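The values are calculated or read from the model by the stated rules, or taken from the named source; none is laboratory data. What you are looking at is a predicted structure, and each value in this text was computed from that prediction instead of being measured. No Cβ is skipped: glycine too gets one built from the backbone with ideal geometry, and neighbour counts run over all protein chains shown.
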Amino acid sequence: MHLAYLSLGSNLGDRAEHLKAGVTMVASSDRYRLSRVYETEPVGGVDQDDFWNLVLELATDATPRELLERAHRAEAARARRREVHWGPRTLDVDVLLVGEETSEDPEILVPHPRMFERAFVLYPLAELAPQLVSAGQLAHAAGRVVALGTLESLR
């Protein structure tokens, strides 16, 4: 059993519902904790609405590949379309960390190669696992981040 961290985001449709469904599908039967939900500006230069993001902490035996498969199933179930790179999406799920495991597989790089550049990942991650994120990393992470509340309070 190890702790895994996944980032979930949505900026299309009912963002709270997409995130709630994503958490349910990705967490499966694993024990989990959630960060608060943060409203964040999009990265990548595509003009689009702000995202709602959170981090999911799982106590799991799943491998990085198994977590990626859960993520893809959850995205598909929420009708995610991959038409524009870094474009708007109903649900986006990224595997950040899986215990002490690493993966060089281009389909599932662990740790996530850009996680320490992104405020929308670091703020909710630091909330759940402050030992994983330094004050310097938070200060240098790009993007506006505003805490909105818990997923349940936003419904």
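Summary table
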| read-out | value |
| --- | --- |
| For residue 55: the one exception among (1) out of contact with any Phe, Trp or Tyr (no Cβ under 9 Å at 6 or more places or on another chain); (2) within 20 Å of residue 108 (Cα to Cα); (3) buried (at least 20 other Cβ atoms within 10 Å of the Cβ) | (1) |
| Inter-residue pairs, beta-carbon under 6 Å, first buried (at least 19 other Cβ atoms within 10 Å of the Cβ) and in the range 15-42, second among the basic types (Lys, Arg) and part of a helix (DSSP H, G or I), 6+ apart | 26/70 |
| Selected residue (only one of 4, 119, 79 is loosely packed, with under 15 Cβ neighbours inside 10 Å and either of a type outside the set (Ser, Thr, Tyr) or closer than 27 Å to residue 134 by Cα (or both)) | 79 |
| Lone unmet requirement of (1) at pLDDT 95 or above; (2) over 13 Å from the mean Cα position of the chain (by Cα); (3) surrounded by 13 or more Cβ atoms within 10 Å (Cβ to Cβ) for residue 124 | (2) |
| Some residue of the range 91-105 being within 25 Å of residue 13 (Cβ to Cβ), modelled with pLDDT of 90 or more and part of a helix (DSSP H, G or I) | no |
| Test: residue in the range 22-30 that is in contact with a strand residue (DSSP E or B) (Cβ under 8 Å, 6 or more places away or on another chain) and part of a strand (DSSP E or B) | no |
| Residue match in the range 141-148 (condition: small (Gly, Ala, Ser), surrounded by fewer than 17 Cβ atoms within 10 Å (Cβ to Cβ), more than 25 Å from residue 59 (Cα to Cα) and touching a residue at least 12 places away in the same chain (Cβ under 8 Å)) | yes |
| Residues of the range 53-74 satisfying the condition of being out of contact with any strand residue (DSSP E or B) (no Cβ under 6 Å at 6 or more places or on another chain) and more than 15 Å from residue 5 (Cα to Cα) | 72, 73 |
| Test: residue in the range 108-124 that is in contact (Cβ under 8 Å) with a residue 60 or more places away in the chain, of a type in the set (Ser, Thr, Tyr) and part of a loop (DSSP other than H, G, I, E, B) | no |
| Condition met for residue 87 (in contact with a Lys or Arg (Cβ under 8 Å, 6 or more places away or on another chain), over 20 Å from residue 29 (Cβ atoms), modelled with pLDDT under 95 and not aliphatic (A, V, I, L, M)) | no |
| Selection count where residues are out of contact with any Gly (no Cβ under 8 Å at 6 or more places or on another chain), closer than 17 Å to residue 53 by Cα and among the aliphatic types (A, V, I, L, M), scope the range 106-132 | 7 |
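One line per residue, one yes/no per condition, for (1) polar (S, T, N, Q); (2) touching a residue at least 40 places away in the same chain (Cβ under 8 Å); (3) within 18 Å of residue 152 (Cβ to Cβ):
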site	(1), (2), (3)
1	no, yes, no
7	yes, yes, no
51	no, yes, no
57	no, yes, yes
69	no, no, no
93	no, yes, no
